[in-house]
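The values are calculated or read from the model by the stated rules, or taken from the named source; none is laboratory data. Given the structure is predicted, the values throughout are model-derived calculations rather than measurements. The area values use the complete protein model at the heavy-atom level, side chains included, leaving out ligands, DNA and RNA. Shrake-Rupley method; radii C 1.70, N 1.55, O 1.52, S 1.80 Å.
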Amino acid sequence: MGKQLCLYLAFWWLQIATTASAAWPDVLAVSVQNLRESLEGPFGVNRHHVTNPEGKTAARRHITETFRRHGLDVTLQDFTGPKGNPGKNGTNIIGVKRGKLYGSSDDKIVAVGAHYDTVSTSPGVDDDGSGMAAMLEMVRVMTSCAQQKYSVIFVAFDHEEDGGVSARQANDNPCDIDRGADDFVCSWLLPFIESSGQPEFQGIFMLETIMNYDPRPNVQ
């Protein structure tokens, strides 16, 4: 129930952020079966680059194919770790749903993100298979309706589960650490905005461990 509530809230927020038309489908069209199949399939196994690289590759392929099947503009953003450390190489998967104002300064882009890698000792169903399953279902529902006014960027991050990065490091040198989210902002998002008419970027809606729903104030 918590996960469905999070999805409903996410759709409601995106409707406001993208100034969607009346052609938007009812958010109750979210398929519980699709969510279950994602969690029991590609996001129900370990996806760590050392302990199960095959599982991670399969998840990456599934995400990419899903983005393309629903008509998103897909980019596989490869990045390397500090000083070319091959153990820290990764791939973000980016899908852009163009709005009517795409490519102009009047666009007001919003992003949705989740990470598809896991720690070495867990299948990562909640962290963050739940976010990935939800994001792919959002892609399916959103692309079933008429084109919205503003563009949406969907991004599946790699190497989120990287230890050894302090909050101070991430804040002081965000472009010098090896997490996919930071590389996405520094190496892809900022150049994308610059080359797309310098639209407004409204922010990102992060879907992180959303099966662990906690209704207490200021928790989630």
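Out of region 60-99, which residues are basic (Lys, Arg) and at pLDDT 95 or above?
The initial filter retains those residues of region 60-99 that are basic (Lys, Arg), namely 60-61, 68-69, 83, 88, 97-98.
Scanning region 60-99 gives Arg60, Arg61, Arg68, Arg69, Lys97, Arg98.
Within region 86-124, count every residue that is among the β-branched types (Val, Ile, Thr), open to solvent by 50 Å² or more (accessible area, probe 1.4 Å) and within 18 Å of the chain's Cα centre (by Cα).
If we filter region 86-124 for residues that are among the β-branched types (Val, Ile, Thr), which is where we start, we get 91, 93-94, 96, 109-110, 112, 118-119, 121.
When the remaining residues are screened for being open to solvent by 50 Å² or more (accessible area, probe 1.4 Å), the result is 119, 121.
In the following step, the residues that additionally are within 18 Å of the chain's Cα centre (by Cα) were identified as 119.
Residues flagged as among the β-branched types (Val, Ile, Thr), open to solvent by 50 Å² or more (accessible area, probe 1.4 Å) and within 18 Å of the chain's Cα centre (by Cα) within region 86-124 amount to 1.
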